[in-house]
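K.L.:
Dumping the structure here so I can ask a few things about it.
Every number here is computed from the coordinates shown, using simple stated rules; none is lab data. As the structure is a prediction and not an experimental result, all values here were calculated from the model. When we count neighbours, we look across all protein chains shown, and the Cβ atoms used for this are built from the backbone with ideal geometry, even at glycine.
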Amino acid sequence: MSEAPNLRRVHRIDHPLVQHKLTLMRRKDTSTKTFRQLIKELSALLAYEVTRDIPTQEVEVETPLETTTGRMIDGKKTVLASILRAGNGFLDGMLEVLPSARVGHIGLYRDPATLKPVEYYFKMPSGMEERDVIVLDPMLATGNSAVAAVDLLKRLQPRSIRFVCLVACPEGIANLHAHHPDVPIYTPAIDRGLNDHGYIVPGLGDAGDRIFGTK
Ligand SMILES: O=P(O)(O)OC[C@H]1O[C@H](OP(=O)(O)OP(=O)(O)O)[C@H](O)[C@@H]1O
Ligand SMILES: O=c1cc[nH]c(=O)[nH]1
Ligand SMILES: [Mg+2]
């Protein structure tokens, strides 16, 4: 039996719109076209939750009637770090609501025999010390890919790191927390566990294949 995850740093996104779209994505007969459309719509909603506590600055603003103050973010300070390939499914929707965000890519694939991540690419913007990173990957399964991605990112000492996915499971949460207890996880779902091939059950299948139609 898997160890109960420490849920202190897990933000479960329970919003009805999010849950509705995720349920449609889980359906095995959802087409690639619809799956892509849904992940785009969901991404914008997830961006809203994961940025809830990013820094804002008070600014003066002139309305047509008078001067007042408002709050603004410095959008350029946010880095969307996509774990390839499936993390790219989040980019279009997130960039619609965070249009100035920078984008980094982390090339990792999971060896199907060992379930260990294999690194093949890593590119981040410069000046990471002043940036807040949102790591994107739809699936937190064993958590090995997420741990490896955060290991690589921490070498660049970003100001903060958050991890966002569509479906997590207790094993992945426990693994990411054990290695990186400072990284909060944002997820709409915590599924039952992993099958013998390391797939999340009930899950939604292979996220990369479903986004890119490669099955
Ligand atoms: O938590 P883990 O056990 O590491 O599994 C999750 C990883 O597996 C999937 O990617 P995959 O390796 O299939 O690569 P792909 O996105 O290129 O299809 C998924 O997108 C995660 O990156
Ligand atoms: O369930 C899983 C596990 C790893 N990768 C996926 O795409 N899905
Ligand atoms: Mg991957």
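K.L.:
Taking only Cα atoms, what is the 0 to 90° angle, nearest 10, from helix 32-50's long axis to the longest principal axis of the chain?
P.N.:
Result, in degrees: 50.
K.L.:
Going by average Cβ density within 10 Å per residue, which order do the peptides 59-65, 127-133, 178-184, 117-123 take, highest to lowest?
P.N.:
Numbers: 59-65: 8.0, 127-133: 18.0, 178-184: 15.9, 117-123: 13.3.
With the highest mean Cβ count within 10 Å placed first, the list reads 127-133, 178-184, 117-123, 59-65.
K.L.:
Can you list the HN-Hα couplings for the stretch 148-163, worked out from phi with the Karplus curve (6.51, -1.76, 1.60; θ = phi - 60°), rounded to whole Hz and with x for Gly and Pro?
P.N.:
5, 4, 5, 3, 5, 5, 5, 4, 8, 6, x, 5, 7, 9, 10, 10
K.L.:
Something else now. Run the simple label-point estimate for ASP196 and SER160 please: 7 Å along Cα→C-beta, distance reported in nm.
P.N.:
For the pair ASP196/SER160, the computed spacing is 4.4 nm.
K.L.:
Once amide H atoms are built 1.01 Å from N in the peptide plane, which residues 5 or more positions from LEU115, or in another chain, come under 5 Å H to H?
P.N.:
none
K.L.:
A further question on this structure: Scan around HIS11 for amide H atoms under 5 Å from its own, H built in the peptide plane at 1.01 Å from N, and keep only partners 5 or more places away or cross-chain.
P.N.:
The list, which skips near neighbours in sequence, is ILE185, TYR186, THR187.
K.L.:
Once both axes come from the Cα atoms, what is the angle between helix 16-26 and the longest principal axis of the chain, in degrees from 0 to 90, rounded to 10?
P.N.:
Between the helix axis and the principal axis of the chain, the angle is about 30 degrees.
K.L.:
Quick one: what are the phi-derived ³J(HN,Hα) couplings along the stretch 71-81, Karplus 6.51/-1.76/1.60 with θ = phi - 60°, whole Hz, x for glycine and proline?
P.N.:
With the stated coefficients, the stretch 71-81 comes to 10, 9, 9, 9, x, 5, 6, 8, 10, 8, 9 Hz.
K.L.:
So who's got an amide H within less than 5 Å of the one on ASP191, skipping anything under 5 residues away but keeping other chains? H placed 1.01 Å off N, in plane.
P.N.:
Amide H neighbours of ASP191: ALA168, CYS169.
K.L.:
Which whole-number percent of Cα pairs in the stretch 71-215 have a distance greater than 22 Å? Kindly include the intermediate steps, with their values, before the conclusion.
P.N.:
Values: 3631 of 10440 pairs.
Of the Cα pairs, 35 percent sit more than 22 Å apart.
K.L.:
Could I ask something else about it? Would you mind checking the tilt of helix 170-179 against the longest principal axis of the Cα atoms of the chain, expressed as 0 to 90 degrees and rounded to 10?
P.N.:
60
K.L.:
Let me ask something else. Given the -39500 (n - 2.57) contribution per DSSP H run of 4+ residues, what per-residue ellipticity at 222 nm results for the chain, rounded to the nearest 500 deg cm²/dmol? Kindly include the intermediate steps, with their values, before the conclusion.
P.N.:
Numbers: 6 runs with 64 residues, N = 215.
Per the formula, -9000 deg cm²/dmol.
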